[in-house]
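Novice: Input: one structure, supplied below.
The values are calculated or read from the model by the stated rules, or taken from the named source; none is laboratory data. Computed from a predicted model, the values in this text were never measured in an experiment. Reconstructed Cβ throughout: ideal geometry from the backbone, glycine too, with neighbour counts over all protein chains shown. Side chains are part of the model used for accessible areas, which takes the heavy atoms of the whole protein and leaves out ligands, DNA and RNA. Shrake-Rupley method; radii C 1.70, N 1.55, O 1.52, S 1.80 Å.
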Amino acid sequence: VKRGAVLGYLENPDFIDHQQRYLETSAELTFLKQELERQETLLAAAAGILKNVQRLRSEVAVKTAHLAGIKQRLEYLGIRTADLRPDNITNRITLFAPRAGYITSIAMHDGMYVEPSIKLMELIDEGHFHLELEVFERDIAKISKGQKLTYIVPSLGPERYEADVHVIGKEFNEETKIVRVPAHSPDTHPP
């Protein structure tokens, strides 16, 4: 899969509600800004009331914050607010591949209800393999942080890869007598 490739689509009526609220809040904010400008002009000409200007400034600030929050939510979902109009509201968002790699498992299907905690698919970045080693208690003393190792991934062929131990887990599983030890490619450690 190439980076940016379409992996699937999510549909939800809530997407429509978020877009509708964004457009409504945007229109309300435009009106409030215009009204604030009129009231400030009246106040400058000594024909307005300061209390009205202060109330409108507060309302503009509240609506601006509300609009920014809705915008962030829509942008997070992949819905561009710059292009949003009443005639192009959608109930569907597209899932794009965040990076190039291999899809190793797919857990989604048509009509499936998706919770935020559900893993839809697994995409492995071919440029950075993350290993999760399980080391027996009796062997943990032989492992050290930074230790070099080589490994193969049978499903990818006979090519050998290099990694080094990133950290030695602190949790010991009483049942299996195993400690988890993460390892990473030496040139691409996570932050």
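Novice: On a 0 to 90 degree scale, rounded to 10, what angle separates helix 13-44 from the longest Cα axis of the chain?
Specialist: Tilt relative to the chain: about 40 degrees.
Novice: So what is log10(I(q)/I(0)) for the stretch 1-99 at q = 0.12, 0.14, 0.20 1/Å, when the Debye sum runs over its Cα atoms only?
Specialist: Result of the Debye calculation: -0.53, -0.64, -0.95.
Novice: Could you work out the relative contact order of the chain? I mean the mean sequence separation of Cα pairs under 8 Å and 6+ apart, divided by the number of residues, in percent.
Specialist: 21 percent
Novice: How big is the accessible area of Asp164 in square angstrom, nearest 10, if you roll a 1.4 angstrom probe over the protein chains?
Specialist: 10 Å²
Novice: For Lys119, tell me the accessible area in Å² from a 1.4 Å probe, rounded to the nearest 10.
Specialist: Lys119 exposes around 120 Å² with every protein chain in place.
Novice: Whenever you get a sec, line up Ile79, Ile49, Ile118 from highest to lowest accessible area (probe 1.4 Å, protein heavy atoms).
Specialist: Ranked from most to least accessible, the order is Ile49, Ile118, Ile79.
Novice: What list of ³J(HN,Hα) couplings, whole Hz, do you get for the stretch 142-147 from phi and the Karplus terms 6.51, -1.76, 1.60, once you set θ to phi - 60° and write x for glycine and proline?
Specialist: In residue order, the calculated couplings are 7, 9, 9, 4, x, 4 Hz.
Novice: Ok, one more. Do any of Lys145/Lys177; Lys2/Lys119; Lys2/Lys142 go past 30 Å between their Cα atoms, and which?
Specialist: The pairs that break the limit, which is 30 Å between Cα atoms, are Lys2/Lys142.
Novice: Where the accessible area of the chain is counted over protein heavy atoms with a 1.4 Å probe, how much of it, in %, is carbon and sulfur?
Specialist: Carbon-and-sulfur percentage of accessible area, whole number: 54.
Novice: If you consider only alpha-carbon coordinates, what radius of gyration and Dmax does the chain have, in Å?
Specialist: Cα only, the chain: 27.0, 86 Å (Rg, Dmax).
Novice: Okay, next question. Could you grab the relative contact order for the stretch 8-85? Cα pairs under 8 Å, six or more apart, rounded to a whole percent.
Specialist: 35 percent
Novice: Skip the ligands, DNA and RNA, and give the accessible area per residue of the stretch 19-98 with a 1.4 Å probe, whole Å².
Specialist: Result: 67 Å² of accessible area for each residue.
Novice: Hey, what angle do you get for helix 50-77 against the long axis of the chain, alpha-carbon based, 0 to 90 degrees rounded to 10?
Specialist: Helix 50-77 sits at roughly 30 degrees to that axis.
Novice: With springs only between Cα atoms under 10 Å apart, run a GNM on the chain and tell me which of Leu56, Leu156, Leu95 wobbles the most.
Specialist: Leu156
Novice: So, with +1 on the Cβ of K and R and -1 on the Cβ of D and E, and no other charges, what is the size of the charge dipole of the stretch 1-129 about its Cα centre, to the nearest 20 debye? Before the final figure, lay out the partial values.
Specialist: On the way: 16 positive and 17 negative charges, 88 e Å.
Here the stretch 1-129 has a charge dipole of around 420 debye.
Novice: Which residue, chosen from Ile103, Phe15, Pro158, occupies the Cα position most advanced towards the positive end of the dipole of the chain, where the dipole is computed from +1 (Lys, Arg) and -1 (Asp, Glu) charges on Cβ about the Cα centre?
Specialist: Going by the charge dipole, the pick is Phe15.
Novice: Then there's this: Which one of Lys148, Lys170, Lys71 has the biggest mean-square fluctuation once the chain is modelled by GNM with Cα springs under 10 Å?
Specialist: Most flexible of the set in this elastic network: Lys170.
Novice: Which GluC sites (Glu not before Pro) does the stretch 1-88 hold that lie in a coil by DSSP with at most 15 other beta carbons within 10 Å? Don't skip to the answer; put the middle values down first.
Specialist: Details: sites: Glu11, Glu24, Glu28, Glu35, Glu37, Glu40, Glu59, Glu75; in loops: none.
Passing both the DSSP loop test and the Cβ count: no residue.
Novice: R0 = 45 Å: FRET efficiency of Ile16 with Ala141, Cβ-based, nearest 0.05?
Specialist: 0.15
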